[in-house]
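Asker: Below is a structure I'd like to ask you about.
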Amino acid sequence: MIRRLFVVLALTLSTVASAQSNAVALGRDFATDDGLGRISAFTRFEKEVAPASRASALSDLWESVEGKPEAEAVRASVLTYLMSKPVKTMPWDARLGQHVTEAGKAKSVELRRLSLNTFAQRGPDVAKQETLTFLDDTDDTVRELAVTQVSRWADGKIILRDYVTKNGLSTKHKGSVSRARFLLDK
């Protein structure tokens, strides 16, 4: 009986290790900013990784490039992959959600923009608070994008009025405040 448990445990660990190494191997494909290259990588990913394992595989991939030169490209591809999926089929779990949240705080404006778009894709019912954090981003183009996303919500005008009131005199917020005013007048 104990021997069977060890065999099952060994097979389980082997399967998990195999899935992780498979995700890492797929990471080479994700290390691109080329649109066609990404489509190819995403297609291969979906062929090789079962839907139930995709969130975990994407997290493994995310973590496998920590500190490496290709980290930003791989992470941008992971976020692009997530954005390409409708919320009902988007791979998601707490671990992957944490990675997307981390990307929202990255030095890279592009990663922050992609993080915002990923949360926006998930919708205000699921990711409203996460999306709102981008109204305080350090980059005004990211704030403009957040303003645009918020404007699509049922309560968006209220939030935008508050945003304009709070930041209307700030020169750092000139573009996003201008965008918010434009959207309020529509």
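Asker: Which condition does GLY35 not pass, out of (1) crowded, with 18+ Cβ neighbours inside 10 Å; (2) under 30 Å from VAL147 (Cα atoms), if it passes all the others?
Answerer: Going through (1) crowded, with 18+ Cβ neighbours inside 10 Å; (2) under 30 Å from VAL147 (Cα atoms) one by one, GLY35 breaks only (1).
Asker: Between a first residue in region 35-51 that is over 14 Å from THR89 (Cβ atoms) and a second residue that is of a type in the set (Phe, Trp, Tyr), which pairs have beta carbons less than 6 Å apart while being 6 or more apart in sequence or on different chains?
Answerer: Listed by first residue and then by second, the contacts come to ALA41/PHE30.
Asker: Of all residues in region 151-169 being out of contact with any helix residue (DSSP H, G or I) (no Cβ under 7 Å at 6 or more places or on another chain) and not basic (Lys, Arg), which is least open to solvent (accessible area, probe 1.4 Å)? Quick ask: steps written out before the conclusion?
Answerer: Residues of region 151-169 that are out of contact with any helix residue (DSSP H, G or I) (no Cβ under 7 Å at 6 or more places or on another chain), as a first pass: 152, 154-155, 158, 162, 165-166, 169.
Checking the rest, the ones that are also not basic (Lys, Arg) come to 154-155, 158, 162, 165, 169.
Numbers: ALA154: 116, ASP155: 54, ILE158: 103, ASP162: 97, THR165: 117, LEU169: 176 Å².
In this case the residue turns out to be ASP155.
Asker: Counting only residues that are within 16 Å of GLU102 (Cα to Cα) and assigned to a helix (DSSP H, G or I), which one in region 136-150 is least open to solvent (accessible area, probe 1.4 Å)?
Answerer: This residue is VAL142.
Asker: Does region 57-68 contain at least one residue that is out of contact with any Leu (no Cβ under 7 Å at 6 or more places or on another chain), modelled with pLDDT of 90 or more and β-branched (Val, Ile, Thr)?
Answerer: Taking region 57-68 first, the residues out of contact with any Leu (no Cβ under 7 Å at 6 or more places or on another chain) are 57, 60, 62-68.
With the extra rule that they be modelled with pLDDT of 90 or more, the set shrinks to 57, 60, 62-68.
Subset that is β-branched (Val, Ile, Thr): 65.
For region 57-68, residues out of contact with any Leu (no Cβ under 7 Å at 6 or more places or on another chain), modelled with pLDDT of 90 or more and β-branched (Val, Ile, Thr): present.
Asker: Could you list all residues from region 86-109 that are surrounded by fewer than 15 Cβ atoms within 10 Å (Cβ to Cβ) and among the aliphatic types (A, V, I, L, M)?
Answerer: VAL87, ALA94, VAL109
The values are calculated or read from the model by the stated rules, or taken from the named source; none is laboratory data. Just so it is clear, the structure is predicted and the values come from calculations on it, not from any experiment. Every residue, glycine among them, receives a Cβ derived from its backbone with ideal geometry; neighbour counts consider all protein chains shown. Heavy atoms of the whole protein, side chains included, go into the accessibility calculation; ligands, DNA and RNA do not. Shrake-Rupley method; radii C 1.70, N 1.55, O 1.52, S 1.80 Å.
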